[in-house]
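Following: one structure in structure tokens, then a few remarks.
What follows draws every value from the coordinates through simple rules; no lab data is involved. Small disclaimer: the values here were computed from a predicted structure and weren't measured. Cβ atoms come from the backbone with ideal geometry, glycine included; neighbour counts cover every protein chain shown.
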Amino acid sequence: MLFKPSRRAVLAGAATLAAPRALIAQSAAFDVDVVVVGAGAAGLAAARELQALGKRFALIESRDRVGGRLHTDVSLGAPFDAGALYIHWAERNPWTEAGRALGVELRSDRGGGGGPFRLFENGRPVPDSERGKRRAAFRALSRALDESQTAPDVSIVARVAEFGPDVVAAASGMTRLSLGEEPERVSALDYARLWSGEDLLAPAGYGALAERFAAGLPVSLSTPATAIDWSGPGVVVTTPKGAISARRAIVTLPVGVLIEESVRFAPRLPDATLAALEGLEMGVLAKIALRFDGARFDVPANTDIFEVRGPRVTYDFECWPFERDIVIAYLGGDHARQVVGLGEADAVAHVLDVFATLVGPEARRRFVAGRMRGWIDDPHALGAYSHALPGRAGARAALAQPVAGRLWFAGEATGGQGGDFGGAMTAGGAFLAGRDAARAAAMG
Ligand SMILES: Cc1cc2nc3c(=O)[nH]c(=O)nc-3n(C[C@H](O)[C@H](O)[C@H](O)COP(=O)(O)OP(=O)(O)OC[C@H]3O[C@@H](n4cnc5c(N)ncnc54)[C@H](O)[C@@H]3O)c2cc1C
């Protein structure tokens with residue numbers, strides 16, 4: 001089923017867009033049973049489930065492609081996942097099953113063991129004695145965070161402060177590169193609840209897997225929702241192509257987009273939902289890909305090179321993933337916000353410079369092209385993924401509460417299943433949340 005503007009919208013043109021509420025109030029019939037807003041992991045999973053349940057649905061997406069933060073970028077000739085890469089906790093991740101059903105190759109990790117790594121500080125290799133100290137700090141950090149499930153809802157920094165400056169430094173590097181945020185702005189309890197398990201990789205790309213999963217789904221691309229009216233018996237979603245009326249809506253907009261309020265809800269969302277959004281923030285994990293001409297600078301494939309520059313700046317250069325001629329620089333938190341703010345050309349030049357100080361100036365001569373995927377600069381996402389603020393670990397559960405029996409918020413921010421939000425931040429969690437929302441919205 002391809003979404004088409006409703007007949008009313010076509011007839012009434014702009015007037016319909018301005019006044020969908022009055023129009024829907026006059027009609028008991030809806031265009032569809034459920035309208036799904038956003039065709040990322042959550043929206044695609046919801047749509048597939050609605051299709052399986054035989055429901056009439058519309059799936060709208062503001063971008064000119066599906067997948068959202070699941071996107072395999074091929075613009076440099078060597079594909080890389082600009083968003084999600086790892087199929088986390090693969091044993092219960094629905095993307096594992098979806099990949100296998102589609103005959104997609106899945107591997108347990110990049111090089112069989114996670115790959116080697118090198119550690120630098122201000123351009124100088126970190127000596128073995130220092131590396132041992134850092135490893136011990138990471139072990140202490142891991143223990144402290146594991147125990148946070150039963151600790152008060154404080155920030156990660158507050159949680160680990162008593163273990164000394166080495167552990168605080170480890171926490172800082174970890175939260176920046178895995179959560180995309182500074183440790184003082186992340187709830188340790190929210191982090192401790194996240195699921196863990198085996199990670200799988202799709203060499204052809206996690207984004208490419210999502211695209212194959214979406215094949216054949218009736219999705220209306222380049223169709224942004226601009227307003228969602230839930231004042232009547234159902235929901236009316238306004239788009240530049242017309243309005244869609246539905247009994248229910250599944251809203252998979254990223255938290256960044258919801259916070260920005262570029263989609264207007266009428267009436268305004270209930271206080272509980274707004275309070276939930278106040279408890280969440282989007283972190284930034286930027287990827288800047290550097291394409292080289294085949295030179296390897298004596299760095300084996302699948303090596304991670306870390307460069308630490310002071311307490312707030314860490315670069316992770318992932319070299320030659322899947323033996324491809326690219327290096328992906330990962331930057332997180334405020335440092336990522338700063339570098340992304342430079343714009344693509346300057347950001348690429350900057351990380352190339354840093355990389356060259358680690359592997360030698362030859363890197364500048366053998367460089368071909370670069371690409372920045374900053375996510376915070378992407379109006380369809382406005383960040384990488386959501387974290388709960390200290391003291392706000394209940395925010396995901398509150399956001400997952402359906403509104404008036406006709407609006408469901410689903411996505412990585414509510415990622416998980418059955419009231420357990422351990423799948424938050426991930427594409428697998430978004431899939432589970434989208435599928436559950438579809439089952440709930442299809443009932444009755
Ligand atoms: C750099 C990076 C690395 C990551 N690494 C991993 C990883 O290794 N493993 C992992 O599991 N997860 C990872 N993630 C997180 C993962 O990508 C997300 O959790 C997941 O893809 C989110 O899915 P979603 O459906 O909730 O949101 P999205 O994928 O953002 O889908 C929401 C959709 O809504 C659309 N939209 C926005 N505004 C509108 C509008 N007004 N109208 C209609 N549509 C709209 C968007 O374009 C988007 O397609 C990573 C993310 C980033 C950015």
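Considering only lysines 8 or more places apart in sequence, or on different chains, count the pairs in the chain whose C-alpha atoms sit under 30 Å apart. Kindly include the intermediate steps, with their values, before the conclusion.
Values: Lys4/Lys55; Lys4/Lys241; Lys55/Lys241; Lys133/Lys287.
Pairs that pass both the separation and distance tests number 4.
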Picking from Pro116, Pro79, Pro390, which is most flexible by a Gaussian network model of the chain using Cα springs under 10 Å?
Pro116
From the phi angles alone, apply the Karplus equation (6.51, -1.76, 1.60; θ = phi - 60°) to region 175-186 and give each ³J(HN,Hα) in whole Hz, x where the residue is Gly or Pro.
5, 5, 8, 10, 10, x, 8, 6, x, 6, 9, 10
Give me the number: length gained by fully extending Phe138 to Ala397, i.e. 0.36 nm times residue separation minus the C-alpha to C-alpha distance, one decimal in nm.
90.3 nm
Using modelled amide H (1.01 Å from N, peptide plane; none on Pro or chain starts), what sits under 5 Å from the amide H of Ser222, excluding residues fewer than 5 places away?
Glu61, Arg63, Asp64, Arg65
What is the diffusion coefficient of the chain in µm²/s, taking the Kirkwood radius over Cα pairs and the Stokes-Einstein relation at 25 °C with a viscosity of 0.890 mPa s?
108 µm²/s
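Tell me, what is the percent relative contact order of region 128-192, built from C-alpha pairs under 8 Å that lie six or more residues apart? It would help to have the intermediate numbers written out before the result.
Numbers: 72 pairs, mean separation 26.0, N = 65.
Relative CO of region 128-192 lands at 40 percent.
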Checked region 169-286 against the a/c 1.5 cut and the a/b vs b/c comparison, axes a ≥ b ≥ c from its Cα gyration tensor; verdict oblate
Putting +1 on Lys and Arg Cβ atoms and -1 on Asp and Glu Cβ atoms, find which of Phe117, Thr314, Gly279 reaches farthest to the positive end of the dipole of the chain.
Gly279
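What list do you get for Trp230, Trp95 if you sort them by fewest beta carbons within 10 Å?
Values: Trp230 22, Trp95 28.
By the 10 Å Cβ count, ascending: Trp230, Trp95.
Which of Lys55, Lys133 comes first, and how do the rest follow, when ranked by fewest Cβ neighbours within 10 Å? The partial results should precede the final answer.
On the way: Lys55 17, Lys133 13.
Going from least to most buried by this count: Lys133, Lys55.
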Pick from Gly256, Gly423, Gly103: which residue has the top mean-square fluctuation in a GNM of the chain where Cα pairs under 10 Å get a spring?
Gly103
Ordering 304-311, 231-238 by per-residue average of other C-beta atoms within 10 angstrom, highest first, gives 231-238, 304-311
With springs only between Cα atoms under 10 Å apart, run a GNM on the chain and tell me which of Leu274, Leu389, Leu209 wobbles the most.
Leu274
Shape call for region 128-192, from the Cα gyration tensor axes a ≥ b ≥ c (a/c under 1.5 means rounded, otherwise prolate when a/b beats b/c, else oblate), comes out prolate
Amide H to amide H under 5 Å from Leu407: which residues, 5+ apart in sequence or cross-chain, H placed 1.01 Å off N in plane?
Ala249
